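The values are calculated or read from the model by the stated rules, or taken from the named source; none is laboratory data. Everything numeric here is computed off the predicted structure, so don't read it as measured data. FYI the Cβ positions are ideal-geometry reconstructions off the backbone, even for glycines, and counts take in every protein chain you see. Note: areas computed on protein heavy atoms with side chains; ligands, DNA, RNA excluded. Shrake-Rupley method; radii C 1.70, N 1.55, O 1.52, S 1.80 Å.
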Amino acid sequence: MRNLQQFLDDYGDSHRNPVNQWVHIICVPAILFSTLGLLWLVPIGRWLGLDAGPAYWVNGATLLGVISGVVYLRLSFSVFLMMVAWFAVSVWGIIAIQNAGWSLFWISLVVWVAAWAVQVWGHKVEGKKPSFVEDLVFLLIGPIFVTFEVAHKLGLRVPRPAGH
């Protein structure tokens with residue numbers, strides 16, 4: 001498996017245009033959140049026959065979180081902690097939507113479709129196809145890239161793709 005810097009360098013190759021970078025800063029969190037929202041509705045715990053309390057927490061989103069966590073941990077412990085924070089904020093939002101009585105499915109679906117549409121446009125502006133077309137692991141790298149881009153824009157020293 002590539003290391004973090006290699007992933008950032010490869011991902012950065014198709015994310016040099018400032019417009020596309022801003023599109024990603026907005027849309028990657030939206031896609032992450034809405035994907036987790038849709039997967040939250042996959043009731044794995046219920047399918048496994050778990051009691052209602054634990055069953056609520058065992059779903060497609062938490063399963064993806066655990067699997068992704070292994071990848072992030074292999075990259076670095078700090079990346080793992082950063083992505084745990086992304087996951088926690090997303091779960092908080094998912095639960096808030098559900099507690100408000102709103103449709104998690106429809107909100108997640110609309111956000112997911114709209115954010116992907118804008119991402120496609122961003123890559124048209126960039127003139128390069130998305131990195132995940134070559135390797136699906138890049139779907140997990142997007143949030144790292146965005147976090148580091150925002151941190152860099154705030155003046156923090158963070159790992160950067162070569163040439164950025």
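Listed here are the residues, each with its yes/no results for (1) under 16 Å from the mean Cα position of the chain (by Cα); (2) within 15 Å of residue 108 (Cβ to Cβ); (3) at pLDDT 95 or above.
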| site | (1), (2), (3) |
| --- | --- |
| 2 | no, no, no |
| 6 | no, no, no |
| 32 | yes, yes, yes |
| 36 | yes, yes, yes |
| 48 | no, no, yes |
| 53 | no, no, no |
| 58 | no, no, yes |
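Just name the residue that is farthest from residue 63 (Cα to Cα) out of those in the range 131-143 that are in a helix (DSSP H, G or I) and of a type in the set (A, V, I, L, M, F, W, C).
Only one residue fits best here, namely 133.
Of all helices (runs of 4 or more DSSP H) completely enclosed by the range 38-130, which ones contain at least 2 residues that are in contact (Cβ under 8 Å) with a residue 40 or more places away in the chain and open to solvent by less than 90 Å² (accessible area, probe 1.4 Å)?
The helices (runs of 4 or more DSSP H) meeting that bar are 60-75, 77-99, 104-126.
Of the residues in the range 6-20, how many are touching a helix residue (DSSP H, G or I) at 6+ places or on another chain (Cβ under 6 Å), crowded, with 17+ Cβ neighbours inside 10 Å and assigned to a helix (DSSP H, G or I)?
So the answer is 3.
In the range 131-162, which residue that is in contact (Cβ under 8 Å) with a residue 12 or more places away in the chain and aromatic (Phe, Trp, Tyr) is surrounded by the fewest Cβ atoms within 10 Å (Cβ to Cβ)?
Selected residue: 138.
Scan the range 72-88 for residues that are over 13 Å from residue 143 (Cα atoms) and hydrophobic (A, V, I, L, M, F, W, C) and jot them down.
Within the range 72-88, 73, 75, 77, 88 qualify.
Could you give me the residue pairs with C-beta distances under 6 Å whose first residue belongs to the range 1-19 and is within 15 Å of residue 120 (Cα to Cα), whose second residue is open to solvent by 70 Å² or more (accessible area, probe 1.4 Å) and not acidic (Asp, Glu) wherever it lies, and which are 6+ apart or on separate chains?
Correct list of pairs: 14/128.
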